[in-house]
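FYI, it's all coordinate maths here, none of it is from the lab. Source: prediction; values computed, not measured. Quick reminder, even Gly has a Cβ in these numbers, built from the backbone with ideal geometry, and neighbours come from all protein chains shown.
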Amino acid sequence: MSTSNASLKNWVEEVARLTTPDSIHWCTGSDTENSNLVDVMVRSGDLIKLNPLTHPNCYLHRSHPSDVARVEHLTYVCTKSREDAGPNNHWKDPAEAHRKMDALFAGSMRGRTMYVVPYCMGPVDSPFARCGVEITDSPYVVVNMRIMTRMGDDALRRIERENSFVKGLHSLGDLSPDRRFIMHFPEELSIKSVGSGYGGNALLGKKCHALRIASWQAREEGWLAEHMLIMGVQSPSGETHYIAGAFPSACGKTNLAMLVPPESMPGWKIWTVGDDICWLQVGADGQLRAINPEAGYFGVVPGTNRKTNCNAYDMIQRDTIFTNVALTADNQPWWEGMETGTPVTDWQGKPYSGNGLAAHPNSRFTVSAKQNPIYSSLAEAPEGVPISAILFGGRRREVAPLVYEARNWAHGVLVGAGMASETTAAAVGQMGVVRRDSMAMKPFCGYNFADYFKHWLAVGKKATKLPRVFHVNWFRQDKNGKFMWPGYGENLRVLKWIAQRCEGKAMAVETAIGFLPRAQDLDVTGLNLDPATLQTLLSIDEAAWKQEMESIGKYLDEYQTRVPAELRKEQQSVAQRLSAANAA
Ligand code: GTP
Ligand code: SPV
Ligand code: MN
C-alpha cells in the first residue's frame, strides 16, 4: 500500500533512506492489522497478556525503567526566532535541531519495521479536525495511536483530499536518556522525536501535535488548542451545560470528566466529551465550541478504584493496554489504590516484596473512549459542543480556595495565566514543587506565552457569548497534610454551583480575587464535612493572596514588554483590590 499524495510519498521515502528500516508498513487501522501487531509484541515480550478471564483482551507493557514519563528538559520548540518560542520553552535553531536529530535517526530503524501511521485528530468529518502522519519503529506506538486517534484509511483519504498534514517522525533509537529529544518545528508543521517509547514523548498525535503544533496553528487561524477536559453536566431538570477544564498533568482531568455523582445528588448526570485535550473555536453562533481531538484515554492508573471512580474502573476491565502497572499471582493488573488483590511482580517485572511502590506512579491505561459508560453522544459531533464555563485548577495545598469565579473574560485570562500547581509524576523531575503552569499549558504551548495570553484575550473579543471562567482547587490540605475536600464525585457540588452561576441562579460574595460561594450557596446535602473546614475552603487569606499577586506580577515580568497591557492591568487591579482590602 502507498498513497496518491506526492508529498507524503516523498517524505516516507526520504525517511526510509535516512533510517534504513528492513521493511515499511502502511497502517490501515484494521482489526487484523492490530491483532498481528499484538501477536508480534507478545512474542517479543513487548506485551504481556493479562488474565483473559478477569481482563479479556488486556495487555501489560513495561517501558524502559528510565523512560516512564514526559521529559520536559529534553523537549524543544525550534522556531526561526528564539523569541517566538518564548521563555516558557526550550529552544534550538531549526537547522541545528534538524542536523542533530537526523544524525540520531541515521540508520536508527535498521533491523526494524517502519510503520507509517496516518491519523486524524478529531472526528474525520469535522471541519475542526486536523490530520497528521506519524512514522515510527515502535509497534507499541502503533497500537496506542490506533486507540488514541482515528488512525488508518479514513485519515489517509482526508490527507489525500486536503493535501495537508503534520509530519511526525519517531524512533526508539537506543532508548538512552542521553540521546532522547522531542523537537517541534511549528513553522514546518513537523515533529522529530527520538529515544523514548513513553506516551507523551512517542504518541506524536497527542501532546506534540494536538497541543504544541496545534496551538501554533490555532493562533494563526484564530482558535485555541488546550490541555482541557470537556464534560456535560446535566441537571435533574434535564438541562446540560458543557464545561471545559484545564488542570495540569495528573491533577484530575480524567477523573472530573468521568465523575460519578454522589448518591445524595439524585438526577444529576455527567457526560464525557474528552479527558485531556480540547480544541476551541468561535462558532457561527458567536459561542465557543469544543471538540475532543482524541479518540481514547491515556489515563493515570494509580488511585483508580470502584470508590473513587467506578466509571473509569469498569472501563479498564477489558480491551485495555496497561503500561508500567504491577501484577498479581494470577496475572491481573495491580496498582496503588486498588482495594483488592496482592501484587507479586512490580512494574519493572521484579518480584515484589511489599517495599515501595508496586506500580509506577505514572503508570497509565490506554483505552478507547467508546468503552466509557458515560461517553457523550455529542463527543463525535463535527461541530463540537457549546461551552458554558471554563475551569482552571491546580494542585494547591494552600492559598487557592475550593472555587471562585473571575469577574469577566480578561480577568479569567489572568486567573488562567497565574495558575500554579505542584509538579507530579507525569513528567521526569522533582515532585510536589509549586510552579506557575499557565492554563496547564506550561509544557505544551508551542509558542511564547506572552503571545498566547494576547491570543486568549483576542479570542474573547471575537466571541459574542463567552463562557464564564472559574478557578477550582480540590487539593487543599490541613496542618496534617490531609486533603480537606473529599474530591472525586463530591466535586459535582462545585459544578452545580458553577452551572447555576451560568444560569444567573446562584449567589456569591464579591472578594478582591473574584466571586466566591458562601457555605449556604453550595449544595452540601449528604456531605459529611465539618462546617469549619468548609468555611476555610471557601475563604481567602488576603495576606497570602497579596503575595500571590505580587508573585504573578513578577512572573509576567519574565515576558517583558511582550505581555499584553490588558493583562498587566488586570493583575494591577486585583493587586490594588487586595491592598484596599488589607488596609480596611
Ligand atoms: P493527565 O492525563 O496527566 O493530563 O492527568 P489528569 O489531569 O487527567 O489526572 P487524573 O484525573 O488522571 O488524576 C491524577 C491523580 O489525581 C490520580 O491519582 C487521581 O486519583 C487524583 N485525583 C483526581 N481527582 C481528584 C480529587 O478530586 N481529589 C483528590 N484528592 N485527588 C484526585
Ligand atoms: C500528561 O502528562 O499530561 C498526559 C500524559 O496526559 S502524556 O500523554 O504522557 O502527555
Ligand atoms: Mn495531559
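Below are the figures for this structure:
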item: Length-normalised contact order for the stretch 95-192 - Cα pairs under 8 Å, 6+ apart - percent; result: 28
item: Global geometry of the stretch 76-132, whether rounded, prolate or oblate, following the gyration tensor of its Cα atoms and the 1.5 cut on a/c; result: oblate
item: Protection proxy ranking, peptides 25-34, 205-214, average beta carbon neighbours within 10 Å, highest first; result: 205-214, 25-34
item: Kirkwood hydrodynamic radius of the stretch 296-371, from inverse mean 1/r over distinct Cα pairs, in Å; result: 12.4
item: Residue exposure sequence - 298, 470 - by fewest surrounding Cβ within 10 Å; result: 298, 470
item: Förster-model FRET efficiency, 51 Å R0, residue 557 and residue 53, C-beta, rounded to 0.05; result: 0.30
item: Mean-position separation - Cα centroids, the stretch 534-584 and the stretch 3-52, in angstrom; result: 51
item: Bins of 10 Å from zero: percent of alpha-carbon pairs in the stretch 304-347; result: 29, 58, 13
item: Spin-label model distance (nm) - residue 16 vs residue 95, 7 Å beyond Cα toward Cβ; result: 3.1
item: Sequence of 113, 328, 340 once ranked by neighbouring C-beta atoms within 10 Å, starting from the fewest; result: 340, 113, 328
item: Quotient of C-alpha Rg and 2.2 N^0.38 Å, computed over the stretch 391-439; result: 1.23
item: Proxy reagent accessibility, fewest Cβ within 10 Å first, across 548, 160, 226, 398; result: 398, 160, 548, 226
item: Size of the stretch 1-63 as Cα extents on the principal axes (Å, biggest first); result: 47, 22, 16
item: All-pairs Cα distance distribution in the stretch 1-128, expressed in whole percent, bin size 10 Å; result: 10, 22, 36, 26, 6, 0
item: Spin-label model distance (nm) - residue 569 vs residue 64, 7 Å beyond Cα toward Cβ; result: 5.2
item: Crossing angle, helix 449-462 versus the chain [Cα axis fit, 0-90 degrees, rounded to tens]; result: 70
item: Value at 222 nm in deg cm²/dmol, rounded to 500, when DSSP H runs of n ≥ 4 in the chain each add -39,500 (n - 2.57); result: -8500 deg cm²/dmol
item: Enclosed volume per residue, in Å³, of the convex hull spanned by Cα atoms of the chain; result: 147
item: Segments 43-52, 303-312, 272-281, 358-367 sorted - mean Cβ within 10 Å per residue, highest first; result: 272-281, 358-367, 303-312, 43-52
item: Shape call, the stretch 154-291: gyration tensor on alpha carbons, a/c limit 1.5; result: oblate
item: Rounded FRET efficiency, nearest 0.05, which uses the C-beta distance separating residue 505 from residue 458 and R0 of 30 Å; result: 0.45
item: The stretch 180-258: mean projected area of Cα convex hull, nm²; result: 6.7
item: Degrees separating the helix 565-583 axis from the principal Cα axis of the chain, which is the longest one; result: 40
item: Paramagnetic label zone (point 7 Å from Cα along Cα-to-C-beta, residue 164; backbone N under 17 Å) in the stretch 278-307; result: 279-282
item: Residue 110/residue 178 FRET efficiency (R0 22 Å; Cβ-Cβ; nearest 0.05); result: 0.65
item: Percent RCO, i.e. relative contact order, over the stretch 296-371, from Cα pairs under 8 Å lying at least 6 residues apart; result: 43
